[in-house]
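See structure below.
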Amino acid sequence: MGKNLSFSYSKMGMYKECPQKYKFRYVHMIPEQPKYYFAFGTALHSVMEFIYKPDKISFPTLAQALAYFDTVWNKTSYEQKGYASMDKELEGYAEGRRIIESYYREFSGHFIHPLSTEMKTTLDIDGLSLISIVDRMDYLGDGRVKILDYKTGKTIQREPDQLYMYQKVVENSPLVKTMIQQKDPSVKEVRVEQLSFYHLPTLKEMTFERAADKEIFAFWQNVLKVADDIRAGKFDPTPGENQCRWCDYRNLCPVFTGKEYTTEGKSTSVLFPTKKDSTSKQVFPLDDQDLLTEKIDQYGDLLAKVSQLQKEIIDLMKKNNFARHFGEHYKAELTCIEKIEFTNKEQVIELLRQLNLLKKVLVPTKSMVVGLLTDATVSANDKKKLESFMTKTQEEELKIEKTE
């Protein structure tokens with residue numbers, strides 16, 4: 001007998017999304033770029049595990065949970081998390097703290113001890129090694145369990161395949177059965193009573209009853225079909241606008257390169273039509289690409305002209321000491337504003353961490369940090385340190401409005 005195929009819900013999902021993407025990730029072993037939403041979700045999952053760790057007698061306080069979140073969050077940089085900028089990372093940090101505080105307001109005082117948290121199990125079945133991580137499992141008695149899966153994205157929706165996979169694994173896992181029998185030796189069979197998705201940002205739970213045996217059977221046949229296709233090396237790409245737009249492998253994919261990628265660095269030519277027709281797998285017609293390129297260049301040229309025209313208007317109004325001037329259809333107003341810039345944003349944020357002021361602003365936008373200079377609870381010495389990173393300049397602001 002051959003070796004079992006390592007399989008999971010996420011692997012199945014990627015294969016169903018695009019077999020070629022699966023090949024890049026799990027056959028060629030090319031890692032994807034870090035994604036901020038994965039880093040955000042991982043940090044909050046870690047906090048939930050910290051709160052509900054089964055071997056703890058007492059539950060952590062809100063302050064302890066927030067401190068733990070800070071520790072997890074600060075282990076990696078914003079680039080390693082996949083955020084586009086430090087500002088975006090700090091928005092995620094603020095949202096994470098908000099979620100934890102809201103969760104404690106909702107549940108503090110009546111936390112329950114679960115059967116397990118972040119339980120990783122490998123189940124060998126039908127030629128597969130199913131790898132699953134169950135966020136949380138509660139024991140309901142008589143061999144019955146409730147599975148809770150935390151969600152941290154913008155929305156929450158029913159994902160039947162994930163629910164079915166959990167049910168299949170948990171009800172057949174020797175590890176789960178052993179854990180339950182340690183609590184209840186009389187149990188002969190494990191049964192999933194409930195499956196829930198819990199959306200942490202909104203504190204809303206979607207609960208589903210156990211799937212019928214015929215549903216699980218149909219799901220499992222589909223799993224085995226996907227596994228057979230992987231073993232047979234069926235990795236034809238299935239391009240589409242949404243999945244291709246965000247794919248990390250576009251520069252390697254035969255849909256875009258016209259060549260099959262190989263690990264030896266050599267590519268084999270494959271035929272992918274360049275125009276959209278009834279037989280083409282190409283979903284980005286060259287006609288549309290040319291039109292899009294032309295419009296992007298037109299837009300860029302217009303922006304450059306607007307910027308130059310704005311500069312000329314400001315110069316003329318300053319030369320003639322005009323604060324306001326009228327055209328035939330529009331009026332222009334010129335105001336002078338004080339502009340504050342930070343000489344080194346990363347050093348400012350590090351200073352806020354050292355002075356324990358980061359929590360005070362959460363997302364250190366320019367206005368929030370400047371606001372610390374008038375905060376009575378911030379010492380004069382700390383204000384002086386912040387000011388050392390600031391430069392003040394005068395800048396003209398032009399406002400154009402249509403006249404009636």
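Looking at the stretch 65-162, the trypsin sites (Lys or Arg not before Pro) that sit in a DSSP loop and have at most 12 other Cβ atoms within 10 Å of their own Cβ are LYS75, LYS154, ARG158.
So how tilted is helix 213-231 from the main axis of the chain? Cα-based, degrees 0 to 90, rounded to 10. Relative to the chain, helix 213-231 is tipped by roughly 70 degrees. Candidate cross-link partners of LYS183 among the aspartates and glutamates, defined by an alpha-carbon separation under 13 Å and a same-chain spacing of 8 or more, comprise ASP138, ASP142.
Computed over Cα pairs, the Kirkwood radius of the stretch 1-152 leads via Stokes-Einstein (1.567 mPa s, 4 °C) to a diffusion coefficient of 73 µm² per second. The chymotrypsin sites (Phe, Trp or Tyr not before Pro) found in the stretch 66-96 include none that occupy coil by DSSP while having at most 13 further C-beta atoms within 10 Å.
Residue-wise HN-Hα couplings along the stretch 49-54, as the Karplus relation 6.51 cos²θ - 1.76 cosθ + 1.60 with θ = phi - 60° gives them from phi, are 5, 4, 5, 9, 3, x Hz; Gly and Pro carry x. Over 16 Å, how big is the tail of the calculated P(r) for the stretch 330-402, in percent of all Cα pairs? Every Cα pair in the stretch 330-402 considered, those over 16 Å come to 54 percent.
Relative to the longest principal axis of the Cα atoms of the chain, the long axis of helix 345-354 makes an angle of roughly 60 degrees. Placing unit charges on the Cβ atoms only, positive for Lys and Arg and negative for Asp and Glu, gives the chain a dipole magnitude near 620 debye about its Cα centre.
By the rule of a C-alpha distance below 16 Å, with chain neighbours fewer than 8 residues away ignored, the aspartates and glutamates paired with LYS402 are GLU328, GLU333. Note on the stretch 185-210 and the stretch 63-111: Cα centroid distance 25 Å, given to the nearest whole angstrom.
Please work out, to two decimal places, the log10 of the ratio I(q)/I(0) at q = 0.14, 0.16 Å⁻¹ from a Debye calculation in which every Cα of the stretch 124-271 carries one identical scatterer. Per q value, in the given order, log10 I(q)/I(0) is -0.87, -1.00. Solvent-free Debye calculation, one equal scatterer per alpha-carbon of the chain: log10 I(q)/I(0) at 0.06, 0.07, 0.08, 0.13 Å⁻¹ equals -0.41, -0.55, -0.70, -1.23. Ranking of LEU128, LEU302 by neighbouring Cβ atoms within 10 Å, starting from the fewest: LEU302, LEU128. For the chain, the longest principal axis of the alpha carbon atoms and the long axis of helix 174-183 meet at an angle near 80°.
Once the C-beta distance of THR391 and PHE217 is scaled by a Förster radius of 56 Å, the resulting FRET efficiency is 0.25 to the nearest 0.05. Taking other Cβ atoms within 10 Å as a rough exposure proxy, PHE326, PHE40, PHE235 sort from fewest to most as PHE326, PHE235, PHE40.
Rg to Rh for the stretch 95-175: what is it, with Cα atoms only and Rh by Kirkwood? My calculation of the ratio gives 1.02.
In plain terms, the residue of SER388, SER196 with the fewest other Cβ atoms within 10 Å comes first and the most crowded comes last, giving SER388, SER196.
Over 28 Å apart at the Cα level, from the set LYS88/LYS318; LYS35/LYS204; LYS154/LYS339; LYS339/LYS383; LYS75/LYS146; LYS35/LYS56, are LYS88/LYS318; LYS154/LYS339; LYS75/LYS146; LYS35/LYS56. Over the chain, DSSP H runs of length four or greater, each weighted -39,500 (n - 2.57), average out per residue to a 222 nm ellipticity of -13500 deg cm²/dmol. A viscosity of 0.890 mPa s and a temperature of 25 °C, combined with the Kirkwood radius over Cα pairs in Stokes-Einstein, give a translational diffusion coefficient for the stretch 155-199 of 207 µm²/s. Across the stretch 33-107, the convex hull enclosing all Cα atoms gives 85 Å³ per residue.
Coordinate-derived values only; no laboratory data. Predicted, not measured: the structure shown is a model, and the values here were computed from it. Glycine also receives a Cβ, built like all others from the backbone with ideal geometry; neighbour counts cover every protein chain displayed.
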